[in-house]
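Quick notes on the structure that follows.
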Amino acid sequence: MSPSRWQYLVNGTALVAILSVAAVVMHSAPDRDLQQSPIRVAATLGEPASGRNIHATVHSVAVAETVTAGNGWAGTTAGLWVVVDLSVEAVVDDVGAALGTAVLRVGDTSYSASTRPGDATVAAVGLTTGIALTGPLMFELPTDVVSSDAAATASLELATNSDPRVDSLLVVPVDLAALEVRENIDVDFPEWGVR
Amino acid sequence: MTEIPLKKHSVSRETTRQLFDRLPTTWLVTAVAAVLLGVSAVFGGLDEAPVEAAAVIEAGDTHAGSELTLTVDQALLIDAFPEQLVIPQKGNRLLVVRAVVENTTNEPRRLSTVPLTSSGAPRPQRTVQADVLRIVGVSGQRAATPPTSILVIDDGSDKVVVQPHVPVELAFVWEVPQDDVKKGDTINVQLLDRVLISEGELTYGGLYGDPVVTASLELVLGDVGAGVSE
């Protein structure tokens with residue numbers, strides 16, 4: 001027996017319904033960027049903030065033409081140094097917990113904390129569970145960025161992995177435009193404990 | 001059950017069918033290939049593909065690549081950089097190419113090198129290829145060898161991350177046999193550009209193809225003996 005006209009109609013409607021549901025699911029499901037995005041933890045300057053495996057307090061931010069680090073390093077740059085003083089520790093696990101992400105984001109441009117000072121910076125240093133390490137991060141920025149419009153809404157991003165996807169990312173808003181450019185800053189060598 | 005009526009073929013159609021069955025497969029394949037080739041020829045498929053020659057620049061010229069702007073100005077030989085622990089094998093010296101590098105993208109870019117094993121052979125690549133500069137025509141070096149280390153000239157740090165729009169002066173270092181490479185030799189430096197294939201679909205981040213040479217320049221080797229790079 002050949003299928004009746006009603007059966008064709010029901011089959012057609014069912015097919016259209018399934019396709020519409022699939023289209024809605026496809027267009028409303030979180031895309032890959034959202035699925036894998038870091039879990040942003042809003043923090044403020046001077047206040048402690050905690051993520052899954054990172055606990056940090058950003059004490060101060062300064063801008064200078066030259067920096068002298070605790071090990072005597074005084075690298076020069078064609079731009080300016082943004083020096084961040086912070087305390088940071090791991091929370092649950094210190095295996096593989098380095099301060100891998102220390103990024104200053106100004107507008108859509110990101111600058112990573114310089115590893116040029118060697119052991120005088122806490123950038124990329126291994127963290128310890130429950131014991132804070134206090135020290136500086138140095139960022140190398142072009143001179144004109146500090147006075148640009150985006151400088152007022154810059155942010156400092158910290159995470160315990162060089163790849164912060166699907167893990168906590170502490171985000172500290174920083175107003176670089178409000179900071180006066182100092183000639184030289186002396187920073188201390190990283191030390192244990194919170195200053 | 002409805003009867004499916006047998007189709008009635010005309011006589012001429014039957015004969016065509018039989019002829020087609022007897023046609024050798026290779027003839028068919030050849031014919032199809034010829035048609036495809038012909039169609040592509042109509043749209044310019046057989047034209048000579050243009051090969052863009054890499055620009056030849058002078059020492060000190062600024063070359064803007066897609067991500068990095070490079071100014072190579074000097075090449076010299078030096079015994080070692082003991083403070084940076086860049087010390088060549090016995091019988092070798094260091095060949096240093098000095099360049100100012102500016103990152104024109106909006107994120108930091110790590111410049112990687114090919115470290116040598118203890119026997120002096122390049123260690124097998126595990127991560128990103130060195131893809132900024134390489135030297136050609138230096139005896140004792142394989143063709144187009146990436147540098148063994150890259151140093152920031154200002155402070156000698158060896159993990160080079162070029163920050164966006166902050167030009168930095170770098171030393172690209174190769175190990176060369178001291179008897180074969182002498183002051184006054186001419187070397188060829190190739191500037192490379194990496195090519196983004198696509199944003200990864202299954203993997204995260206961009207996928208890059210092999211670096212391509214976008215410019216080359218000739219440098220005459222200087223020699224500073226044991227030290228003092230100026």
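The values are calculated or read from the model by the stated rules, or taken from the named source; none is laboratory data. Everything numeric in this text was worked out from a predicted model, so none of it was measured. Using ideal geometry, Cβ is built from the backbone for each residue, glycine included, and neighbour counts are taken over all protein chains shown.
Among residues of region B:134-164 being buried (at least 21 other Cβ atoms within 10 Å of the Cβ) and assigned to a loop (DSSP other than H, G, I, E, B), the one that is farthest from the other protein chains (Cβ to nearest Cβ) is B:V138.
Just the residues that are of a type in the set (D, E) and either closer than 22 Å to A:R195 by Cα or surrounded by 17 or more Cβ atoms within 10 Å (Cβ to Cβ) (or both), please, taken from region A:102-139. Don't jump to the end; show me each part of the working.
Taking region A:102-139 and keeping what is of a type in the set (D, E), we get A:108, A:119.
Selection gives A:D119 alone.
Reported count of residues in region A:160-188, each being over 23 Å from the mean Cα position of the chain (by Cα) and either in a strand (DSSP E or B) or hydrophobic (A, V, I, L, M, F, W, C) (or both), is 6. Restricting attention to region A:86-116, the residues that are touching a residue at least 60 places away in the same chain (Cβ under 8 Å) and either in a loop (DSSP other than H, G, I, E, B) or out of contact with any helix residue (DSSP H, G or I) (no Cβ under 8 Å at 6 or more places or on another chain) (or both) total 11. Within region A:63-85, residues that are at positive phi reach partners that are of a type in the set (A, V, I, L, M) with beta carbons closer than 9 Å, at six or more positions or on different chains, in the pairs A:G72/A:A120. Of the strands (runs of 3 or more DSSP E) contained entirely in region A:1-74, not one carries at least 3 residues that are basic (K, R). Would it be correct to say that B:L76 is away from every other protein chain (no Cβ under 14 Å), surrounded by 20 or more Cβ atoms within 10 Å (Cβ to Cβ) and not in a loop (DSSP other than H, G, I, E, B)? No; evaluated as a whole, the condition is false for this residue. Flag: B:V181 matches the condition of being out of contact with any Asp or Glu (no Cβ under 9 Å at 6 or more places or on another chain), over 30 Å from A:D144 (Cα atoms) and surrounded by 13 or more Cβ atoms within 10 Å (Cβ to Cβ).
Residues checked against (1) in the same structural domain as A:T128 (by TED's automatic domain parsing); (2) closer than 23 Å to A:D163 by Cβ; (3) buried (at least 22 other Cβ atoms within 10 Å of the Cβ); (4) touching a Ser or Thr at 6+ places or on another chain (Cβ under 6 Å):
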{"residue": "A:N53", "(1), (2), (3), (4)": "yes, yes, no, yes"}
{"residue": "A:T66", "(1), (2), (3), (4)": "yes, no, no, no"}
{"residue": "A:T76", "(1), (2), (3), (4)": "yes, no, no, no"}
{"residue": "A:W81", "(1), (2), (3), (4)": "yes, no, yes, no"}
{"residue": "A:D93", "(1), (2), (3), (4)": "yes, yes, no, no"}
{"residue": "A:G100", "(1), (2), (3), (4)": "yes, yes, no, yes"}
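Among residues of region B:200-230 being surrounded by 14 or more Cβ atoms within 10 Å (Cβ to Cβ) and part of a loop (DSSP other than H, G, I, E, B), the one that is modelled with the highest pLDDT is B:L221.
Can you tell me which residues in region A:117-149 are within 8 Å of chain B (Cβ to nearest Cβ), assigned to a loop (DSSP other than H, G, I, E, B) and among the small types (G, A, S)? Those that are within 8 Å of chain B (Cβ to nearest Cβ), assigned to a loop (DSSP other than H, G, I, E, B) and among the small types (G, A, S): none in region A:117-149.
Can you go through A:E157, A:E89 and tell me which one is within 13 Å of chain B (Cβ to nearest Cβ), in contact with a Ser or Thr (Cβ under 8 Å, 6 or more places away or on another chain) and not aromatic (F, W, Y)?
A:E157 is the lone residue from the list that is within 13 Å of chain B (Cβ to nearest Cβ), in contact with a Ser or Thr (Cβ under 8 Å, 6 or more places away or on another chain) and not aromatic (F, W, Y).
Total residues in region B:191-223 satisfying the condition of being of a type in the set (A, V, I, L, M, F, W, C) and more than 15 Å from B:D73 (Cβ to Cβ): the figure is 8.
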